[in-house]
Amino acid sequence: MNNKEMNFIDPVGHNNQPSKKKILGLGVSIIAIVALSYGALMLGLAYNEIVITSDGSVPFWNRVSAILSFPVAAISTDPTPKPDPNRLDILILGMRGLDDPDAIQGGMLTDTILLFSYDKTTAKSSLVSIPRDLYIKIDKYKMGKINEVYEYGLSRKEGLDFTKRVFSIMTGIYIDNAIVFDFTAFKKIVDELDGVDVYLDKPFEEKSQWGNSFYLPAGLNHLDGEGALYYARSRYSTSDFDRSRRQQEIIMAIKDKVMTANLTSDPLKAFGMLSVVRSDIKTDLNIWNLSELINLYQQVKKAMPKEYVISTANLLYQTYIDAIYVLLPNGENFDLFKKFFAETLN
């Protein structure tokens with residue numbers, strides 16, 4: 001896709017010229033895993049510490065099905081893309097979680113949605129942010145926002161499988177794996193890493209979302225878990241699209257800290273992260289996938305993923321349905337979406 005015609009970066013309103021430090025920081029193409037759990041996954045699965053979805057033994061997630069009560073509907077008859085042996089596509093979903101004191105409603109809505117893609121042949125990779133207000137056909141009988149998909153899948157007792165299927169149909173790309181984390185995991189992992197560093201070209205301020213002003217000056221900022229979460233979630237003073245860019249920035253910062261912390265030789269720090277992963281992250285990655293990912297990491301650790309933010313500046317337009325703000329695809333279908341995702345690695 002011609003980036004001169006489709007602008008996936010400019011709508012966030014920041015300087016897009018990366019510093020040398022930032023370019024070096026984009027080294028690991030498996031950034032989707034790195035975001036919250038690369039180090040923990042690499043160690044935890046090796047030690048059989050991470051609970052896989054088929055195990056069904058995580059108390060937090062077992063509580064979910066008892067809370068949700070959506071009616072069962074038939075799956076969409078749209079064709080699901082076939083797996084591509086030359087690609088690896090991982091869906092990353094972040095949510096408040098049921099334990100968030102502010103999540104009286106919507107704790108299971110995935111307001112952070114990213115898709116990491118890697119071409120095993122060319123070693124090219126991409127990280128795409130998908131806005132939570134995108135309005136889609138969730139199944140044959142239900143329309144809704146894309147951040148409802150995982151919650152709806154849980155109500156069907158399908159969880160990640162249902163979610164991957166819906167995203168695969170929408171993007172035209174077969175989703176190999178998925179990771180779901182809550183904001184408790186996010187904060188704890190950043191704190192386990194003793195914080196992360198973010199460099200800002202200009203000051204950032206969120207004046208109202210958190211009850212008081214959250215301010216970061218221009219230059220290098222060291223953020224603890226709470227500060228990183230505030231920075232990644234703030235949107236009242238900017239926009240959802242700008243927030244998506246900041247989420248990608250924090251993902252890269254976590255990746256950099258994981259690599260410099262050398263968790264593979266620091267068991268205490270690694271097991272501290274594992275305690276978070278066990279209770280607050282759900283994934284369908286298994287031992288076999290881990291071995292493949294470790295080998296993959298060795299091959300692509302110097303790659304630089306391209307970052308994209310899908311927005312009204314490129315593939316979407318905004319409107320209202322039943323007085324609810326939503327985003328719809330240009331052309332009234334997902335043909336341009338599928339074309340874009342097919343070309344992100346070209």
**Considering residues of region 182-209 that are in a loop (DSSP other than H, G, I, E, B) and in contact with a Lys or Arg (Cβ under 9 Å, 6 or more places away or on another chain) only, the residue nearest to MET143 (Cα to Cα)** = GLN209
**Asked** Hey, ILE179 hits all of (1) under 20 Å from VAL309 (Cβ atoms); (2) outside any helix (DSSP H, G or I); (3) without any contact (Cβ under 8 Å) to a residue 24 or more places away in the chain but one; which does it fall short on?
**Response** (3)
**Prompt:** Any residue in region 252-270 that is modelled with pLDDT under 85 and part of a loop (DSSP other than H, G, I, E, B)?
**Reply:** yes
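The values are calculated or read from the model by the stated rules, or taken from the named source; none is laboratory data. Because the structure is predicted, anything quoted here is derived from the model rather than measured. Positions of Cβ are backbone-derived with ideal geometry, glycine not excepted, and every protein chain shown enters the neighbour counts.
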